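Enquirer: Okay, here's the structure, questions in a sec.
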Amino acid sequence: MRLILLGPPGAGKGTQAQRLIAKHGIAQLSTGDMLRAAVAAGTPVGLLAKSIMDRGELVPDDVVVAIIAERIDQPDAKRGFVLDGFPRTVPQAEALDRLLAERGLKLDAVIELKVDEGILLQRIEKRIAEMTARGEKIRADDNPEVLKGRLAAYRTQTAPLAGHYASKGMLKGVDGMAAIDAVTAAIDRNLKPAGLARGKAAKPRHRKPGTAKAAKRAARKGSARGKRPAMAAKRVKKRPGQRKNRTRRRLTRVR
Ligand code: ADP
């Protein structure tokens, strides 16, 4: 299974990605986490990305595309992956289309977590307060000022991706304001095969003609067919007032 989680900062992409990887045994590919690791390790990419990330702006497309290209070829991503934080611009989405096509891979769905921006700010402020209370280190870009910039970057550069994937028929919108479990359930429903999601019964099994089993089946069917018109005739006899055409209809249907 290959998925994209789309949504502004604080929409809950990370939380839902964690649940998806546990349930489906796929890898979480978070460009934010990869870039933070690069910053912490002081790699050339990290050195380039640090100040951009601290300002809440987007790291150049070619940098993140190169990171993802390398990451999707790793063994743990072979079973599938959920992309969290990538793509974030239309050129990144186009690069991803090419990367997947070159490998003969297809996306299963793009899940958009829809949230209210005003509530996002409250959510992130709450997250910061809770982390501070636990004595945890806070992300450099998790402060109200930078957050406004991250939201603006989302609105102008990332939100247009919804159109990119909607035109391919891949976009599934989910209410990200619902409780965490309800969001997980809504994502699950969107990942079910179309027929099952609508509660349709599974397709009947295809039975091979010409086998010994098929011959037995045919014999059973034949004898049952022989009985049914007689039974219907009996019922007709018991109700003499029944209209003729109704009897005929019933016999036709039984045959
Ligand atoms: P958020 O919580 O804002 O969704 P992430 O952890 O996904 O944050 O990313 C943090 C920062 O890393 C972003 O604000 C941006 O600077 C950089 N970043 C992450 N992914 C990308 C990407 N695909 N393209 C450009 N920049 C990225």
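Enquirer: Which net charge results for the neighbourhood of Thr156, defined as the other residues with beta-carbon distances under 12 angstrom from its beta-carbon, given Lys and Arg at +1 and Asp and Glu at -1?
Expert: Details: positive: Arg88, Arg150, Arg155; negative: Glu57.
Surrounding charge for Thr156 is +2.
Enquirer: Run the numbers for Leu47 and Thr132: contour at 0.36 nm per residue of separation, minus the present Cα-Cα distance, in nm. It would help to have the intermediate numbers written out before the result.
Expert: Working: separation 85, 0.36 × 85 = 30.60 nm, distance 2.63 nm.
Gain on stretching Leu47 to Thr132: 28.0 nm.
Enquirer: What number comes out for the charge environment of Ile187, summing +1 per Lys or Arg and -1 per Asp or Glu over other residues with Cβ under 15 Å away?
Expert: Working: positive: Arg2, Lys13, Arg19, Lys23, Lys114, Lys172, Arg189, Lys192; negative: Asp84, Asp108, Glu112, Asp175, Asp181, Asp188.
Overall, the nearby charge balance is +2.
Enquirer: Now a separate question. Once you sort the root eigenvalues of the Cα gyration tensor of the range 66-159 as a ≥ b ≥ c, which label holds: rounded (a/c under 1.5), prolate (a/b larger than b/c) or oblate (the other case)?
Expert: prolate
Enquirer: What's the extension gain from Arg189 to Lys78 if we count 0.36 nm per residue and subtract their Cα-Cα distance? Working shown, then result.
Expert: Details: separation 111, 0.36 × 111 = 39.96 nm, distance 2.37 nm.
Contour length minus Cα-Cα distance gives 37.6 nm.
Enquirer: Also: Which of the three applies to the range 1-129, rounded, prolate or oblate, going by the alpha-carbon gyration tensor with a ≥ b ≥ c and a/c under 1.5 meaning rounded?
Expert: oblate
Enquirer: May I pose another question? How many nm separate the modelled label positions at Thr15 and Arg98, each set 7 Å beyond the Cα in the direction of the Cβ?
Expert: About 3.7 nm, to one decimal.
Enquirer: Next question. Once the piece of chain linking Lys114 and Met177 is laid out straight, how much longer is it, given 0.36 nm per residue of separation minus the C-alpha distance between them?
Expert: Residue separation times 0.36 nm, minus the Cα-Cα distance, leaves 22.0 nm.
Laboratory data are not the source of any read-out in this text; all were calculated from the coordinates shown. Small disclaimer: the values here were computed from a predicted structure and weren't measured. Glycine also receives a Cβ, built like all others from the backbone with ideal geometry; neighbour counts cover every protein chain displayed.
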